[in-house]
1. Go through the stretch A:80-111 and count every residue that is aliphatic (A, V, I, L, M), more than 9 Å from chain B (Cβ to nearest Cβ) and either without any contact (Cβ under 8 Å) to a residue 12 or more places away in the chain or closer than 26 Å to residue A:13 by Cα (or both).
2. Residue B:109 is checked against (1) part of a helix (DSSP H, G or I); (2) at pLDDT below 85 and fails just one. What number does that condition carry?
3. Out of the residues in the stretch B:1-20 meeting the condition of being of a type in the set (Lys, Arg) and in contact with a Leu (Cβ under 8 Å, 6 or more places away or on another chain), tell me which one is farthest from the other protein chains (Cβ to nearest Cβ).
4. So which residues in the stretch A:114-136 are free of Cβ contacts under 8 Å to residues at least 24 places away in the same chain and closer than 21 Å to residue A:172 by Cβ?
5. Looking at the stretch A:53-64, which of its residues are part of a loop (DSSP other than H, G, I, E, B) and more than 7 Å from chain B (Cβ to nearest Cβ)?
6. Considering only residues that are modelled with pLDDT of 90 or more and outside any helix (DSSP H, G or I), look in the stretch A:96-108 and name the one that is surrounded by the most Cβ atoms within 10 Å (Cβ to Cβ).
7. Which of the residues that make up the stretch B:251-280 are surrounded by 14 or more Cβ atoms within 10 Å (Cβ to Cβ) and out of contact with any helix residue (DSSP H, G or I) (no Cβ under 8 Å at 6 or more places or on another chain)?
8. State whether the residues of the stretch A:92-102 include one that is touching a strand residue (DSSP E or B) at 6+ places or on another chain (Cβ under 7 Å) and in the same structural domain as residue A:182 (by TED's automatic domain parsing).
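The values are calculated or read from the model by the stated rules, or taken from the named source; none is laboratory data. Given the structure is predicted, the values throughout are model-derived calculations rather than measurements. Ideal geometry is used to build each Cβ from the backbone, glycine not excepted, and the neighbour counts take in all protein chains shown.
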Amino acid sequence: MEAVLSVEHLTKKIGARTIVDDVSFEVKAGEIFGFLGPNGAGKTTTIRMLVGLIRPTSGSIVIGGYNLQSDFLQAIKQVGCIVENPELYPYLTGRENLEHFARMIDGIDTKRIEEVVRLVELDKRIDETVKTYSLGMRQRLGIAQALLGDPQLLILDEPTNGLDPAGIRELRAFIRRLSQEQSISIFISSHILYEIQLLCDRVAIISHGKVLKTAPVVQLVGEESKVEWSVDPLPNAVSHLSNLPYIKNVEQLGKERLMVHMPVEKIAETNQLLLSSKIQVSAIRPMNQTLEDIFLEITGGEGIG
Amino acid sequence: MAKLVYNELLKMFRKKRFLVVVLILAVLIPIFTYAQYITVQTTIKQIGTSDWKAILQQQIIDQENRLTSSRVPDEWKKWTRLTIAQEKYYLKNNINPTSPGAPTFVRKFVEEAVALFIPLIVVILAADLVSSEYGNGTIKLLLTRPVARWKVLLSKYLALLLSVSLVMLITGLLSYLISGIIFGYKGWDLPVLTGFIQQGDQLITTQVHLIPQWKYIIFAYGLAWFSALAVGTISFMVSVLVRNTATSMGVMLAAVISGSLLSQLAPTWQSLRYFIFINLRLTDYLAGKPVIISGMSLPFSLAMLSIWSLVAIVIAFVVFSKKDVLN
């Protein structure tokens, strides 16, 4: 697949501090790409470089085939973005805000403005001033302005920050719809693992300015899960389970509880087996392995802040 | 580019910046009008006559009395002596310097407003032009459009030039309309003296001639407009350099006010004349008011304002196009 965004050896130094250190990754056409890391890892600085707000110390950024540094206008035309909060002019109405930004891009008519307004479902409040909007509405207006120029790549910096759970769910559905219906590539940064896991196809994990790993989310999370079993008697269960070929790493948690690494689809089969061996199973709890675990694995237990 | 300038003007109007400025003018001009009225009335009462010749004569006597006081510094004495010479000239040629009427108020108002009042209003318009975009984070949206940074800044500068010009026009109109209620609307053709030349301690009157007041007002507003643009340009640069509006406004107010104060506190400090805000009183050259610091003249002040403005423009554009947006 063709890369919409390709970042190579991107580095930013401010004074003696290296904030972003030799970061490389690619966002492919149509995918949702997650950019995951703790606060202060260099996510926002990277994003600011991607949209031309900060000049990289070295490295290159190519968007839709245009180099951002040497061909800024062509490259930035391919991008819609919200950097950090959706900061719009509070004293203008939603429509005036959109018209303001539309005037800065060639060939955007009122029809396109109507289109994006409908897309983000702000039709009813679009003629009210932005200071009366809720954060969720501002977020949607922010996305509307990002979509105005019909971009190939949408860059969202911590889009769920400050939203309530309902708002987050709504936004997630919206982003998925965008990616499917408009076939836009989406680049999302977040410090919340769960968000990225639910939404993204691929993810880059960044810590202390360095990309630690880039991989498909499914591959990182893997098919294997931890499953917690409450069984009686315990020793019997341990010996039975350890003999099964698809089971690895049986761990005793308490008097009756076991943590087992195994494929989720084998749970029913295993349960049957235990029952037929006269072992009582009082609870089975599959635990999805989260990116948190992966993050700990990669960083060697440093945690995600 | 027209679209971008439209954007900037739209924001300026919707932010109510412009309204604030017009309101300030609409409140202060009546106060100044009334103050002028009271001054005229008081003088008439003191002298016991509405005869302007008597008033002028009294003024000359007052100033001559002040000259005899040993506590008056030499600089002030020189200044006063020149003013007396000028007043005697008015008297001899039968010209009433304070001849009432709205156009006279318009002329006097701009002469007084040029050093402090107009600069302050320009600062209100210019100080947050760029810094407010940093302050509320919209700069990130502005600079991630397919528009070169210098174009974004140029559109803001053009919007500033337009709005400053508009403010000057409104100032003239409001001061005419409001003061006319008390002083009457006549007096456009009144002859006014101009063409004074300052040479050392001498006020050269060989070039002095009379022009109709309307012509004088056009000259005066033209000069005030020029110094307003210079203040606007400097303020614009500060707005680019500083991240928040309060700081930007504070820096500019301090600079403008200290310019005004310094010229009165330290008239002997020669190199002060290279400071831009000492050179704002362009209309003084027209009126033949003695210059504050020797070596200053209309061409000198125009050159100073232009040089400072040019440097400010260059700094603003270079910094704005290079700056990393970090906040």
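1. Within the stretch A:80-111, residues that are aliphatic (A, V, I, L, M), more than 9 Å from chain B (Cβ to nearest Cβ) and either without any contact (Cβ under 8 Å) to a residue 12 or more places away in the chain or closer than 26 Å to residue A:13 by Cα (or both) number 0.
2. (2)
3. Step one: list which residues in the stretch B:1-20 are of a type in the set (Lys, Arg), which gives B:3, B:11, B:14-17.
Filter once more, keeping what is in contact with a Leu (Cβ under 8 Å, 6 or more places away or on another chain): B:11, B:14, B:17.
Details: B:11: 7, B:14: 5, B:17: 10 Å.
Among them, the one singled out is B:17.
4. Scanning the stretch A:114-136 gives A:118, A:121, A:134.
5. Scanning the stretch A:53-64 gives A:56, A:57, A:64.
6. Within the stretch A:96-108, the match that is surrounded by the most Cβ atoms within 10 Å (Cβ to Cβ) is A:104.
7. Listed by number, the list holds a single entry, B:257.
8. Initial filter on the stretch A:92-102 (touching a strand residue (DSSP E or B) at 6+ places or on another chain (Cβ under 7 Å)): A:92-93.
Imposing the further condition that a residue be in the same structural domain as residue A:182 (by TED's automatic domain parsing) reduces the set to A:92-93.
Checked against the condition, which is being touching a strand residue (DSSP E or B) at 6+ places or on another chain (Cβ under 7 Å) and in the same structural domain as residue A:182 (by TED's automatic domain parsing), the stretch A:92-102 yields at least one hit.
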